[in-house]
Amino acid sequence: NFIIENEYVPYVNMAVDLSKISKEDFCKIGDIVMADASEDYMDIGKAIEIRSLGNENLISGLHTHLLRYKNKCAIGFFGYLFQYRKIRLQIMKMATGVSVLGISKTNLSKIIMKIPCIEEQKRIATFLTALDEKINKVGEQAEQMREWKKGLLQQMFV
(Lines give C-alpha, C1' and ligand atoms only; values in the text may rest on other atoms or scores of the structure.)
Protein backbone atom coordinates (compact mmCIF):
# COMPACT_ATOMS: atom_id res chain seq x y z
CA ASN A 1 0.00 0.00 0.00
CA PHE A 2 1.43 3.32 -1.10
CA ILE A 3 0.96 6.27 1.24
CA ILE A 4 2.89 9.20 -0.19
CA GLU A 5 3.61 10.70 3.23
CA ASN A 6 5.54 7.52 4.18
CA GLU A 7 7.56 7.14 0.97
CA TYR A 8 10.49 8.72 -0.79
CA VAL A 9 9.22 9.54 -4.27
CA PRO A 10 11.46 10.74 -7.10
CA TYR A 11 10.18 13.85 -8.76
CA VAL A 12 9.74 14.92 -12.35
CA ASN A 13 12.26 17.52 -13.50
CA MET A 14 10.75 20.99 -13.03
CA ALA A 15 11.49 21.74 -16.70
CA VAL A 16 8.92 19.12 -17.79
CA ASP A 17 5.64 20.67 -18.91
CA LEU A 18 3.01 18.77 -16.90
CA SER A 19 0.20 20.34 -18.93
CA LYS A 20 1.14 17.95 -21.76
CA ILE A 21 0.28 14.98 -19.56
CA SER A 22 -3.33 13.84 -19.64
CA LYS A 23 -5.20 13.98 -16.31
CA GLU A 24 -6.00 10.29 -16.80
CA ASP A 25 -2.27 9.49 -16.69
CA PHE A 26 -1.90 10.83 -13.14
CA CYS A 27 -2.38 8.30 -10.35
CA LYS A 28 -5.55 8.41 -8.30
CA ILE A 29 -6.36 6.91 -4.93
CA GLY A 30 -7.25 3.26 -5.48
CA ASP A 31 -5.09 2.87 -8.59
CA ILE A 32 -2.73 -0.09 -8.89
CA VAL A 33 0.80 0.47 -10.20
CA MET A 34 2.25 -2.82 -11.42
CA ALA A 35 5.72 -3.73 -12.67
CA ASP A 36 5.38 -4.81 -16.32
CA ALA A 37 8.96 -6.03 -16.70
CA SER A 38 11.50 -7.89 -14.59
CA GLU A 39 14.60 -10.02 -14.90
CA ASP A 40 13.03 -12.73 -12.75
CA TYR A 41 9.63 -14.28 -12.11
CA MET A 42 9.45 -13.16 -8.48
CA ASP A 43 9.24 -9.45 -9.36
CA ILE A 44 7.13 -9.51 -12.51
CA GLY A 45 3.71 -8.09 -11.78
CA LYS A 46 4.54 -6.83 -8.30
CA ALA A 47 2.01 -4.16 -7.49
CA ILE A 48 1.20 -1.35 -5.09
CA GLU A 49 -2.13 0.31 -4.45
CA ILE A 50 -2.26 4.08 -4.13
CA ARG A 51 -3.85 4.76 -0.72
CA SER A 52 -2.87 8.40 -0.20
CA LEU A 53 -1.51 11.15 -2.46
CA GLY A 54 -1.59 14.12 -0.09
CA ASN A 55 -1.84 17.13 -2.39
CA GLU A 56 0.73 15.74 -4.84
CA ASN A 57 0.48 14.76 -8.49
CA LEU A 58 1.94 11.32 -9.09
CA ILE A 59 2.83 9.54 -12.32
CA SER A 60 3.65 5.84 -12.43
CA GLY A 61 7.20 5.10 -13.55
CA LEU A 62 8.73 3.43 -16.55
CA HIS A 63 8.07 -0.29 -16.94
CA THR A 64 4.82 -0.12 -15.01
CA HIS A 65 1.16 -0.45 -15.85
CA LEU A 66 -1.29 1.95 -14.26
CA LEU A 67 -4.41 -0.11 -13.54
CA ARG A 68 -7.73 1.48 -12.64
CA TYR A 69 -10.81 -0.58 -11.90
CA LYS A 70 -14.13 0.39 -13.44
CA ASN A 71 -16.46 -0.70 -10.64
CA LYS A 72 -16.54 0.67 -7.12
CA CYS A 73 -14.08 -1.21 -4.93
CA ALA A 74 -12.80 -0.84 -1.39
CA ILE A 75 -9.59 1.15 -1.09
CA GLY A 76 -6.81 -1.17 0.04
CA PHE A 77 -8.36 -4.43 -1.12
CA PHE A 78 -6.65 -4.75 -4.52
CA GLY A 79 -3.22 -3.98 -3.10
CA TYR A 80 -3.57 -7.13 -1.04
CA LEU A 81 -5.30 -9.13 -3.77
CA PHE A 82 -2.28 -8.76 -6.06
CA GLN A 83 -0.10 -10.26 -3.29
CA TYR A 84 -2.30 -13.37 -3.17
CA ARG A 85 -0.32 -16.42 -4.30
CA LYS A 86 -2.89 -17.65 -6.84
CA ILE A 87 -2.94 -14.24 -8.56
CA ARG A 88 0.88 -14.00 -8.45
CA LEU A 89 1.19 -17.46 -10.05
CA GLN A 90 -1.17 -16.48 -12.88
CA ILE A 91 0.91 -13.37 -13.56
CA MET A 92 4.16 -15.38 -13.53
CA LYS A 93 2.72 -17.91 -16.01
CA MET A 94 1.65 -15.12 -18.39
CA ALA A 95 5.04 -13.40 -18.37
CA THR A 96 6.95 -13.72 -21.61
CA GLY A 97 10.54 -13.08 -22.60
CA VAL A 98 14.02 -14.52 -22.39
CA SER A 99 16.39 -12.31 -20.40
CA VAL A 100 13.74 -9.77 -19.41
CA LEU A 101 10.21 -10.91 -18.68
CA GLY A 102 7.23 -8.76 -19.54
CA ILE A 103 3.49 -8.84 -19.07
CA SER A 104 1.00 -6.99 -21.25
CA LYS A 105 -2.27 -5.35 -20.23
CA THR A 106 -3.99 -7.81 -22.58
CA ASN A 107 -2.61 -10.74 -20.57
CA LEU A 108 -3.43 -9.00 -17.28
CA SER A 109 -7.06 -8.78 -18.40
CA LYS A 110 -7.11 -12.60 -18.53
CA ILE A 111 -6.38 -13.02 -14.81
CA ILE A 112 -9.18 -14.84 -13.04
CA MET A 113 -10.10 -13.26 -9.71
CA LYS A 114 -12.86 -13.99 -7.27
CA ILE A 115 -13.87 -10.59 -5.93
CA PRO A 116 -16.16 -10.45 -2.89
CA CYS A 117 -18.83 -7.79 -2.35
CA ILE A 118 -17.61 -4.33 -1.36
CA GLU A 119 -18.51 -4.80 2.33
CA GLU A 120 -16.33 -7.91 2.49
CA GLN A 121 -13.55 -6.12 0.60
CA LYS A 122 -13.61 -3.38 3.25
CA ARG A 123 -13.42 -5.90 6.09
CA ILE A 124 -10.52 -7.75 4.44
CA ALA A 125 -8.59 -4.55 3.70
CA THR A 126 -9.16 -3.20 7.23
CA PHE A 127 -8.05 -6.46 8.85
CA LEU A 128 -4.92 -6.87 6.72
CA THR A 129 -3.97 -3.19 7.13
CA ALA A 130 -4.25 -3.51 10.92
CA LEU A 131 -2.11 -6.66 10.75
CA ASP A 132 0.55 -4.85 8.68
CA GLU A 133 0.58 -1.97 11.18
CA LYS A 134 1.07 -4.41 14.06
CA ILE A 135 3.87 -6.21 12.19
CA ASN A 136 5.60 -2.86 11.55
CA LYS A 137 5.24 -1.83 15.19
CA VAL A 138 6.71 -5.11 16.44
CA GLY A 139 9.56 -4.72 13.93
CA GLU A 140 10.31 -1.25 15.29
CA GLN A 141 10.26 -2.58 18.87
CA ALA A 142 12.65 -5.39 17.90
CA GLU A 143 15.05 -2.85 16.37
CA GLN A 144 14.92 -0.73 19.55
CA MET A 145 15.71 -3.84 21.62
CA ARG A 146 18.70 -4.64 19.36
CA GLU A 147 20.05 -1.12 19.90
CA TRP A 148 19.46 -1.39 23.67
CA LYS A 149 21.26 -4.75 23.74
CA LYS A 150 24.16 -3.29 21.78
CA GLY A 151 24.44 -0.48 24.32
CA LEU A 152 24.37 -2.94 27.23
CA LEU A 153 27.11 -5.04 25.65
CA GLN A 154 29.28 -1.98 25.11
CA GLN A 155 28.85 -0.97 28.78
CA MET A 156 29.76 -4.49 29.97
CA PHE A 157 33.18 -4.39 28.34
CA VAL A 158 34.23 -0.84 29.23
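The values are calculated or read from the model by the stated rules, or taken from the named source; none is laboratory data. Since this is a predicted model, take the numbers as computed values, not measurements. Here the Cβ is made from the backbone with ideal geometry for all residues, glycine too, and neighbour counts use every protein chain on show. In case anyone asks, the SASA skips ligands and DNA or RNA and just uses the protein heavy atoms, side chains included. Shrake-Rupley method; radii C 1.70, N 1.55, O 1.52, S 1.80 Å.
If we scan region 116-135, do we find a residue that is modelled with pLDDT under 90, over 30 Å from Asn13 (Cβ atoms) and open to solvent by 100 Å² or more (accessible area, probe 1.4 Å)? No: zero hits. Can you name every residue in region 18-71 that is open to solvent by less than 90 Å² (accessible area, probe 1.4 Å), assigned to a loop (DSSP other than H, G, I, E, B), on the phi < 0 side of the Ramachandran plot and not charged (D, E, K, R)? Scanning region 18-71 gives Ile21, Ser22, Cys27, Ile44, Leu53, Leu58, Ser60, Gly61, Tyr69.
Applying a threshold of 6 Å to beta carbon distances and a minimum spacing of six or more residues, or different chains, the list of pairs starting in region 1-22 at a residue that is hydrophobic (A, V, I, L, M, F, W, C) and ending at one that is modelled with pLDDT under 80 is empty. Restricting the first member to region 121-137 and to residues that are within 18 Å of Gly30 (Cα to Cα), and the second to residues that are hydrophobic (A, V, I, L, M, F, W, C) and assigned to a helix (DSSP H, G or I), the beta-carbon pairs closer than 8 Å and six or more apart or on different chains are Gln121/Phe77; Lys122/Phe77; Ile124/Phe77; Ala125/Phe77.
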